[in-house]
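Reading through the structure tokens given below for one structure.
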Amino acid sequence: MTPDGILSEIAEMLVDVVGEEILLVGELTHDTSFNDDLALESIEFVALAERLQLRYGERVDFMAFLAGMDIDEIMGMTLGDLTDHIAASLALESSRA
Amino acid sequence: MPDLLAGGTRFHVQHIKGDGPTVVFLHGLVLDNLSSFYYTLAGPAAATGAEVVLYDLRGHGRSERPPTGYDVRDAVADLVAVLGALGIDRPVHLVGNSYGGVIALRAALDRPDLVAGLALIEAHATGDWIDRMSDTLAVAALGLEHDRVPEQLRRLGARKEARMAATADALLNGTTLIDDLAATPPFGPAELASVRCPVLALYGEHSELAGAGRDLGLHIPDCTVHVLPGLAHTVLREATAEVRDLLLDWLGRP
């Protein structure tokens, strides 16, 4: 899975969680931030994390990833930060297999 | 799956399995939801091996918003239904923040068979909070309706604020929450004296609820009251690390 592939999956999930209005901010890129650009509510980020966990299962440990940050750090992330973490987790997993 | 049907209502639930004690988190009113625990106490509790349950209360967060059923006994019935739907049949530890603490205390009194312990964070346990809160919410409800706040915020481009205002509007003007809350009976000394499980009560030094903390310590037989210096009502958000350490110590005690 390429970072761009992961990014477009996250974009679809965001539409699912927030609704089509999320697309009003323009194109979702690696630099788009959850708080400043998307104005995502913290409960919406929880719903996004649930969808990602369902998609990637145990290959990506979101609870452990998020436990290392406080809410402001989490909402301050960009889509690229999240995409990079998922890509790195998946690469680690396939190198073990 | 995050969506769970319990007692005929759809709840947004997070269930993290573990071999340790079961810890259930109950959040506060109107703009609060499970995210306030998801980002603070749930992860550390799960890391100790506890089985963790978080859910959005009826009408809150991403749970269903039925028009009725918002008094504290309805909330206890919802809690019992959620635990039942998850197949949890042993006594649980309830962690309640703000109004979530009222639900936790009511559950311990009405269903002592289901509750092993209570951790109450800034809970509205005693005093005239019911009148004050229902007045505050009624004023907010009128304002949201008359000034069409959600619409105006949307026009200003404040989308997050607009969504939050729309949520508050739907809950305060579209359900019986305010009336149900106004009918909540306060906890009296005799009732508090009948709490059988251990209780941890955390309050901010400058909180207007600090008197409730003193009442709990005075009347509940096994109650540890801890006052967090320099803080008011928002201890969970502003003293997360301290609240987390106190909670984990308390859960881990023999």
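All of the numbers you see were taken from the coordinates with simple rules; none came from a lab. Since this is a predicted model, take the numbers as computed values, not measurements. Cβ: placed from backbone, ideal geometry, glycine included. Neighbour counts: every protein chain shown.
Can you give me the distance in nm between label points at B:Arg10 and B:Asp110, each placed 7 Å from the Cα along the Cα-to-Cβ direction?
2.5 nm
Sort B:179-191, B:31-43 by packing, meaning the average of other beta carbons within 10 Å per residue, with the highest value first. Working shown, then result.
Numbers: B:179-191: 15.0, B:31-43: 23.2.
By packing density, highest mean first, the sequence is B:31-43, B:179-191.
Hey, rough spin-label estimate for B:Lys160 and A:Asp36, points 7 angstrom out along Cα→Cβ, what's it come to in nanometres?
1.2 nm
Take the alpha-carbon centre of segment B:188-254, take the same for segment A:1-50, and report the distance between them in whole Å.
If you average the Cα positions of each part, the centres end up 38 Å apart.
Using a 10 Å cut-off around each Cβ of peptide A:55-64, what is the average number of partner chain Cβ atoms that fall inside?
Averaged over the peptide's residues, the number is 1.
I'd like the mean, over residues of A:44-50, of how many other protein chain beta carbons sit within 10 Å of each residue's own Cβ. Let's see the in-between values first.
Values: counts 5, 3, 12, 5, 0, 3, 6.
Rounded to a whole number, the mean comes out at 5.
Around B:Val225, which amide H atoms from residues at least 5 apart in sequence, or from another chain, sit under 5 Å from its own amide H, with H modelled in the peptide plane?
So B:Val225 has HN proximity to B:Ala201.
Kindly rank B:44-55, B:115-126 from highest to lowest mean number of other beta carbons found within 10 Å of each residue.
Going from most to least packed, we get B:115-126, B:44-55.
For segment B:1-61 and segment B:130-176, write down the distance between their C-alpha centroids in whole Å.
25 Å
I'd like the trypsin sites (Lys or Arg not before Pro) in segment B:1-104 restricted to DSSP loop residues with at most 16 other Cβ atoms within 10 Å, sorted by number. The partial results should precede the final answer.
Values: sites: B:Arg10, B:Lys17, B:Arg58, B:Arg62, B:Arg73; in loops: B:Lys17, B:Arg58, B:Arg62.
Hits after loop and neighbour filter: B:Lys17.
Sort B:83-90, B:242-249 by the packing proxy (mean of other Cβ within 10 Å over each peptide's residues), most packed first.
Per-residue Cβ counts within 10 Å, averaged per peptide and sorted highest first, yield B:242-249, B:83-90.
Quick one: helix A:79-96 against the long Cα principal axis of chain A, what's the angle to the nearest 10°, folded into 0 to 90?
For helix A:79-96, the angle is close to 10 degrees.
Net charge around B:Lys160, counting only other residues with Cβ within less than 13 Å of its Cβ (Lys, Arg = +1; Asp, Glu = -1)?
With Lys, Arg at +1 and Asp, Glu at -1, the neighbours total -3.
Just want to confirm a number: the relative contact order over segment A:3-96, from Cα pairs under 8 angstrom separated by 6+ residues, in percent.
That works out to 40 percent.
Run the helix sum for chain A: -39,500 (n - 2.57) per DSSP H stretch of 4+ residues, divided by residue count, reported at 222 nm to the nearest 500 deg cm²/dmol.
So the calculated ellipticity at 222 nm is -19000 deg cm²/dmol.
Quick check: the angle from helix B:99-110's long axis to the longest principal axis of chain B, C-alpha only, nearest 10 degrees?
50 degrees
So, counting K/R as plus one and D/E as minus one, what does the shell of residues with Cβ under 12 Å around B:Ala239 add up to?
On the way: positive: B:Arg237, B:Arg244; negative: B:Glu122, B:Glu205, B:Glu238, B:Glu242, B:Asp245.
Every neighbour counted, the sum reads -3.
What's the angle, to the nearest 10 degrees (0 to 90), between helix B:210-219's Cα axis and the longest principal axis of chain B?
40 degrees
Please give the length that would be gained between B:Lys17 and B:Asp147 if that part of the chain were fully extended, namely 0.36 nm times their separation in residues minus their C-alpha to C-alpha distance (nm, one decimal). Before the final figure, lay out each step's value.
On the way: separation 130, 0.36 × 130 = 46.80 nm, distance 4.54 nm.
That pair, B:Lys17 and B:Asp147, stretches by 42.3 nm at full extension.
Excluding B:Pro44 itself, what net charge comes from residues whose Cβ is under 11 Å from its Cβ, given Lys and Arg +1 and Asp and Glu -1?
0
Would you mind computing, in nm to one decimal, how far apart the modelled labels at B:Asp128 and A:Glu73 are, each placed 7 Å from Cα along Cα→Cβ?
Once both label points are built, they end up 4.5 nm from each other.
Assuming a viscosity of 0.890 mPa s and a temperature of 25 °C, what translational diffusion coefficient in µm² per second does Stokes-Einstein assign to segment B:128-184, Rh being the Kirkwood radius over Cα pairs? Write down the numbers at each step before the final one.
On the way: Rh = 11.7 Å.
Roughly 209 µm²/s, to the nearest whole number.
Could you tell me the relative contact order of segment B:120-249? Use alpha-carbon pairs under 8 Å, at least six residues apart, and round to a whole percent.
29 percent
How many Cβ atoms of partner chains, on average, are near each residue of A:33-43 if near means within 10 Å of its Cβ?
4
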